[in-house]
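Computed from the coordinates by the stated procedures, all read-outs in this text should not be read as laboratory data. Remember, predicted model here, so these are calculated numbers, not experimental data. A quick note on method: Cβ atoms are made from the backbone with ideal geometry, for glycine too, and the neighbour counts reach across all protein chains shown.
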Amino acid sequence: MERHLATDRFMEFDGDDDALLIQRIDSNEIIYCPPKRKYKLVGKYVMGDKLGEGSYGKVKECLDSDTLQRRAVKIMKRKTLRRIPNGDQNVQREIRLLRRLKHRNVISLFHVYHNDEKGKVRSME
């Protein structure tokens with residue numbers, strides 16, 4: 001096996017059939033680019049990261065694309081609601097109450113989306 005210095009930055013090792021090339025670089029030459037995430041648009045809302053999860057569903061952050069205000073969205077699956085005793089009725093009652101309730105210490109309900117294809121209910125708060 002013959003070794004020779006090709007340049008000051010490259011070293012080449014010749015084997016039987018394989019050639020291995022090692023390149024030395026400084027750490028300041030390394031540039032990290034995180035992978036770009038695809039965004040999901042539901043109505044006029046851009047969906048974000050998950051904030052929490054409970055027995056009824058999960059809560060995600062979203063952004064109103066018109067006003068650029070941050071909101072929270074509660075996502076519930078109808079299949080899960082059917083397994084909880086009075087689950088569907090509780091959600092319907094919560095939606096009715098939040099639509100009528102206006103107080104600075106209580107969340108406000110903006111929109112409710114029903115997706116029958118996926119069996120999901122989304123409430124923007």
With a 10 Å Cβ neighbour count serving as the proxy for reagent exposure, in which order, fewest first, do I22, I31, I84 appear? I31, I22, I84
If one puts a single equal scatterer on every Cα of the range 40-124 and applies the Debye formula without solvent, what log₁₀ I(q)/I(0) results at q = 0.16, 0.17 Å⁻¹? -0.65, -0.73
Hey, if you put +1 on the Cβ of every Lys and Arg and -1 on every Asp and Glu Cβ in the range 40-124, which of L109, L41, L81 ends up farthest toward the positive end of that dipole? L81
Are there trypsin sites (Lys or Arg not before Pro) in the range 19-82 that DSSP marks as loop and that have at most 16 other Cβ atoms within 10 Å, and which are they? R24, K36, R37, K38, K44
Extended-chain gain in nm, criterion 0.36 nm per residue less alpha-carbon gap, S65 and D26: 9.8 nm
Taking 28 Å as the cut-off for C-alpha to C-alpha distance, list the pairs among K58/K102; K36/K74; K40/K102 that go past it. K40/K102
For the range 106-111, in residue order, the Karplus 3J(HN,Hα) values (coefficients 6.51, -1.76, 1.60; θ = phi - 60°; whole Hz; Gly and Pro = x) are 10, 4, 9, 8, 9, 9
Can you tell me the length gained on complete extension of the stretch E94 to K40, counting 0.36 nm per residue apart and subtracting the Cα distance? 16.8 nm
Once amide H atoms are built 1.01 Å from N in the peptide plane, which residues 5 or more positions from L51, or in another chain, come under 5 Å H to H? V59, K60, E61
In Hz, Karplus ³J(HN,Hα) per residue of the range 57-69 (6.51, -1.76, 1.60; θ = phi - 60°; x = Gly, Pro): x, 10, 10, 10, 7, 9, 10, 6, 6, 7, 9, 6, 9
